[in-house]
Amino acid sequence: MKHILIIIASFLFSILFFEKSIGLNLSLFSILTIVFLMLYNPQKIRNRTIRLYILAYITTAVFVFIQHSNLSIIANCVAFFTLVGAVSEQKTSIYVNWLNGIYTSVAGYFHRNLEVSTEKENVSWKKDLDLIHVAKLIGIPLLFIIIFVLLYKNGNPMFNDLVNNINFNFINFQWLLFTVLGYYLFSNISKPIPVEPATNKDVKTTNTLYKSDTFSEEKLKKEKQLGTTLLGLLNLLIILYIITDIASLTSIDTTRASVLSSQVHNGINTLIASIVIAIIIILYFFRGNLNFYAENKTLKQLTYLWIILNVALIVLIAIKNQNYITSFGLTYKRIGVHIYILLTLIGLITTFLKVMNIKNMVFLFRTNTQIAFITLILFSAVNWDHTITKYNLNQAQHFDINYLIKLSNRNALLLYEQKDIINISQKNKNRIDTKYWSYVKEVLKSEWQEISFEKFIIDDKHPSSEL
Amino acid sequence: MNVPNNLSRSCLLAFAIFWIVILSNEGIDEDIILILFLSFIPIFMVASLVILSTVCPIFWFTAKQGFSKQEVFKTYHPYYVVIAFGLSVFGILSTNFNINMIAFFVSAFITTNQSWVWFAKEKTNGKHS
């Protein structure tokens, strides 16, 4: 029965994906995967965490259909691996779920192959030998018959005609291979595998830091002195930097792109180095017993101050980036800077929580990876090409029409609608027309597996009689 | 470790997978037979090189630390798979789904994984071999 389910799923996999681009098929595949996992692992699906991951997976599947962007496809794949990993073991961190999910999906067959042979070695070896014998019995004669038929074809015209009359065109070997790939994938995820010892270690590791047996007041006093001096000086340095940065911010000429660009990029480089070093220093001093040392208050206060000053640095960079965007419009890189700033801010907040609540490094990894996963899903809900185009055409002081035309087709409709109300050359208007009509043709000729929400919009705008 | 046996089986497997993928796309033609036979040499060289440089060292180094082959498989194979899968996907995507590259990466991925299984399945004299 279970084999039949895998075979049905692999046929559906082929129907959905063979020679098709991504669209509705990925959303349907997500539903198929969830049903498949429910049938194979009914007990595990009742778990609350897994239900949350199912919800996340369905959400990304909906975003794939609505937004049809590369980011939504990536988010869907990540959610798939997370769910499969969570089914293998529910109580692990999200990054262990990713490891388990990827391993199960791409190499579950090989792992099970070894495990079966370990458990039932004698029987399995016999079975293996039988299978190899059958494979030889079919494969070797078939290979040589094909080779000799191809050789004999040249020797005898009658034989050549006879062979040419044999037509295997009704069999699509690529389709068969693709179905085998689907079988392999569903067979792998039917029984998710936890990677050991990583999974077991992760389950046993809590988020709380404990006092170790080697607690030495003298050592900790020296370490505290070093930490206090270092953080005190670093705080003074960052205050000086922030003051000069604020002064320079008020004197920047926002009309010159090169000046702003250099300011933002220099600021980002400083930020990267500063935040990474800040977090490493904090993690070094608060890695163990210094958390439990009674006289660590000054060091903690200096650490909190440094985190707050780094947050101020982040705000300054965000202001510079926003100034840049206001003057010269949105681009993927500028959005990337804002996302990076957001993630850095979250990183600093979790470091603050780690120090305040005496948590270990695992807490940081767990929390930050979970937040990264949620951020990925949330950002995949946005049509960034449309957002960039809308902002640049309507709100930015200057815009680069060439950049907007070169974006993906997901802004084609908006560009087409606004081409006559914005100040651009006739040549660019023609380019927008070409982009729009090729997009319309592409959407309208897509097969049912490839459609997305944009198909309904285009159908509504251009009923088939119009084209 | 029976390296020659593993290499010969792996090369045959790589050869079969590589040509199944190619022929499923291009069909069988008498002109291709010579190339098919000659291709065994580069396939043998590449498969041997990859297995000797990426799979064998893991078994050799861990054997000195007293790990059994199955322990080595369970501990290190998942990370090997993740890296190999990542490289294969990157290779296929960066060549824009070129059929020759698909055949190469698919055969390399399956062959190296099966090579791991064959090494791990080898009979050993006790746990610490």
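Worth pointing out:
- Any hit, segment A:266-276, residues being open to solvent by 60 Å² or more (accessible area, probe 1.4 Å) and modelled with pLDDT of 80 or more: no
- B:T54 being of a type in the set (V, I, T) and open to solvent by less than 40 Å² (accessible area, probe 1.4 Å): no
A quick yes/no check of all residues on (1) more than 30 Å from B:I28 (Cα to Cα); (2) among the hydroxyl-bearing types (S, T, Y); (3) in contact with a strand residue (DSSP E or B) (Cβ under 6 Å, 6 or more places away or on another chain); (4) at pLDDT 80 or above:
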| site | (1), (2), (3), (4) |
| --- | --- |
| A:L151 | no, no, no, no |
| A:N154 | no, no, no, no |
| A:L162 | no, no, no, no |
| A:N165 | no, no, no, no |
| A:T179 | no, yes, no, yes |
| A:Y184 | no, yes, no, yes |
| A:L240 | yes, no, no, yes |
| A:S248 | yes, yes, no, no |
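- Output for segment B:91-102, where each listed residue is within 12 Å of chain A (Cβ to nearest Cβ) and either open to solvent by 60 Å² or more (accessible area, probe 1.4 Å) or without any contact (Cβ under 8 Å) to a residue 60 or more places away in the chain (or both): B:L93, B:F97
- Remark: pairs (first residue in segment A:35-55, part of a loop (DSSP other than H, G, I, E, B); second residue of a type outside the set (G, A, S); Cβ separation under 7 Å; 6+ apart in sequence or on different chains) = A:N41/A:V87; A:N47/A:Q90.
- B:E122 being among the acidic types (D, E), facing chain A (nearest Cβ under 10 Å) and over 30 Å from A:F148 (Cβ atoms): no
- A count restricted to segment A:407-420 and to residues that are at pLDDT 85 or above and open to solvent by 60 Å² or more (accessible area, probe 1.4 Å) stands at 2.
- Criterion: more than 23 Å from A:K201 (Cα to Cα), modelled with pLDDT under 80, in the same structural domain as A:I22 (by TED's automatic domain parsing) and open to solvent by less than 70 Å² (accessible area, probe 1.4 Å) - qualifying residue of A:S72, A:S117: A:S117
- Of B:A63, B:A84, all but one fail to be among the small types (G, A, S) and closer than 14 Å to A:F110 by Cβ; the exception is B:A84.
- Residue within segment A:194-206 that is under 30 Å from B:V106 (Cβ atoms), among the basic types (K, R) and more than 14 Å from chain B (Cβ to nearest Cβ) present: no
- Of the helices (runs of 4 or more DSSP H) lying entirely inside segment B:1-77, those carrying at least 3 residues that are more than 15 Å from B:T111 (Cβ to Cβ) are B:3-26, B:32-38, B:56-64.
- Check on A:N100, open to solvent by 10 Å² or more (accessible area, probe 1.4 Å) and in contact (Cβ under 8 Å) with a residue 40 or more places away in the chain: no
- If you filter segment A:150-193 down to residues that are among the aromatic types (F, W, Y), in contact (Cβ under 8 Å) with a residue 24 or more places away in the chain and within 10 Å of chain B (Cβ to nearest Cβ), you find that the one that is surrounded by the fewest Cβ atoms within 10 Å (Cβ to Cβ) is A:W175.
- Across segment B:69-90, not a single residue is classified as modelled with pLDDT of 90 or more, under 11 Å from the mean Cα position of the chain (by Cα) and more than 10 Å from every other protein chain (Cβ to nearest Cβ).
- Scanning segment A:28-64 for residues that are open to solvent by less than 50 Å² (accessible area, probe 1.4 Å), within 17 Å of the chain's Cα centre (by Cα) and more than 16 Å from A:F186 (Cα to Cα) turns up A:Y53, A:I54, A:A56, A:Y57, A:T59, A:T60, A:A61, A:F63, A:V64.
- Only one of B:F59, B:F18, B:F40 that is surrounded by fewer than 17 Cβ atoms within 10 Å (Cβ to Cβ) and more than 10 Å from chain A (Cβ to nearest Cβ): B:F40
- A:Y436 modelled with pLDDT of 85 or more, in a helix (DSSP H, G or I) and touching a Phe, Trp or Tyr at 6+ places or on another chain (Cβ under 6 Å): yes
The values are calculated or read from the model by the stated rules, or taken from the named source; none is laboratory data. These figures come from a predicted structure and were not determined experimentally. Glycine gets a Cβ as well: all are built from the backbone with ideal geometry, and neighbour counts include every protein chain shown. Side chains are part of the model used for accessible areas, which takes the heavy atoms of the whole protein and leaves out ligands, DNA and RNA. Shrake-Rupley method; radii C 1.70, N 1.55, O 1.52, S 1.80 Å.
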